[in-house]
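Here the structure is laid out as structure tokens; the discussion comes afterwards.
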Amino acid sequence: MRRQIKYLRFWVIAAIALLSLGCGYKVTYNLSGGSIPPEAKTFSVAYFPNNAPMVAPTLSNVLTEGLRDKFSRQTRLEQVEYGGDFAFEGEITNYTSTTASVSSGDYALQNRLTITVKVSFQNAVDQTLSFNNKSFSAYADYDSSQLLVDVQDQLIEDIVDDLVNDIYMAAAGNW
């Protein structure tokens, strides 16, 4: 019994010592791979208009809300309407469906939906990390026997997830 108490006392003291070592440091990394300076408190995401020649009616809302949701869920930043410490604005510049693969008989097997956005990011804490009109592009393939209108909602969701992750890492991951 005495021996167990001795070991317990050792581990308690070791744990306290380790915890006290970390108290003087500010941790700016989180488990999502991002890095947010402790001075940053807020973020804002302006509406992303769809200026692509081909338009999907829901795309602007899905992208704008996806980016807002990503920063709300994965950072400690508080969302504000505009002028956040991390401020995003941009536009959808491309929404196209093209042939991705062809059979030996020159028939399309797969089509590819590609979405491109231009994003401007202002980092009020460290202006050197800001960027203007940076293009981000992502795509998803679908079977050519399917009509785009039948699969576009799921494709948009998948592509926007990729775009949002890329934008997040460019802003918070210092890529």
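The values are calculated or read from the model by the stated rules, or taken from the named source; none is laboratory data. Predicted model only: the values in this text are computed from it and were never measured. So basically every Cβ, Gly included, is an ideal-geometry build from the backbone, and we count neighbours across all protein chains shown.
For region 122-141, the tally of residues that are of a type in the set (D, E) and in a loop (DSSP other than H, G, I, E, B) stands at 1.
Results for (1) within 21 Å of E157 (Cα to Cα); (2) modelled with pLDDT of 90 or more, shown as yes or no for each residue.
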| site | (1), (2) |
| --- | --- |
| A15 | no, no |
| G24 | no, no |
| R76 | no, yes |
| F88 | yes, yes |
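Keeping to region 144-175, report how many residues are aliphatic (A, V, I, L, M) and surrounded by 18 or more Cβ atoms within 10 Å (Cβ to Cβ).
The initial filter retains those residues of region 144-175 that are aliphatic (A, V, I, L, M), namely 147-149, 151, 155-156, 159-160, 163-164, 167, 169-172.
Then keep just the ones that are surrounded by 18 or more Cβ atoms within 10 Å (Cβ to Cβ); that gives 155-156, 159-160, 163-164, 167, 171-172.
Of the residues in that region, 9 qualify.
Would a scan of region 148-169 turn up a residue that is outside any helix (DSSP H, G or I) and either out of contact with any His (no Cβ under 8 Å at 6 or more places or on another chain) or modelled with pLDDT under 95 (or both)? There is no residue in region 148-169 that is outside any helix (DSSP H, G or I) and either out of contact with any His (no Cβ under 8 Å at 6 or more places or on another chain) or modelled with pLDDT under 95 (or both).
Which one is surrounded by the most Cβ atoms within 10 Å (Cβ to Cβ), of the residues in region 125-143 that are more than 19 Å from the chain's Cα centre (by Cα) and either closer than 20 Å to A46 by Cβ or β-branched (V, I, T) (or both)? Full working, then the answer.
If we filter region 125-143 for residues that are more than 19 Å from the chain's Cα centre (by Cα), which is where we start, we get 125-128, 141-143.
This time we only want the ones that are either closer than 20 Å to A46 by Cβ or β-branched (V, I, T) (or both), so: 125, 127-128.
Values: V125: 14, Q127: 8, T128: 6.
Only one residue fits best here, namely V125.
If I filter region 153-175 for residues that are in contact with an Asp or Glu (Cβ under 7 Å, 6 or more places away or on another chain) and either among the hydroxyl-bearing types (S, T, Y) or touching a residue at least 24 places away in the same chain (Cβ under 8 Å) (or both), do I get at least one hit? No, region 153-175 has no match at all. Per the listing T99, T116, the residue uniquely outside any helix (DSSP H, G or I), of a type in the set (S, T, N, Q) and modelled with pLDDT of 95 or more is T116.
Residue count for region 50-92 under the criterion of being more than 18 Å from the chain's Cα centre (by Cα) and either over 16 Å from F121 (Cβ atoms) or in contact (Cβ under 8 Å) with a residue 60 or more places away in the chain (or both): the result is 10.
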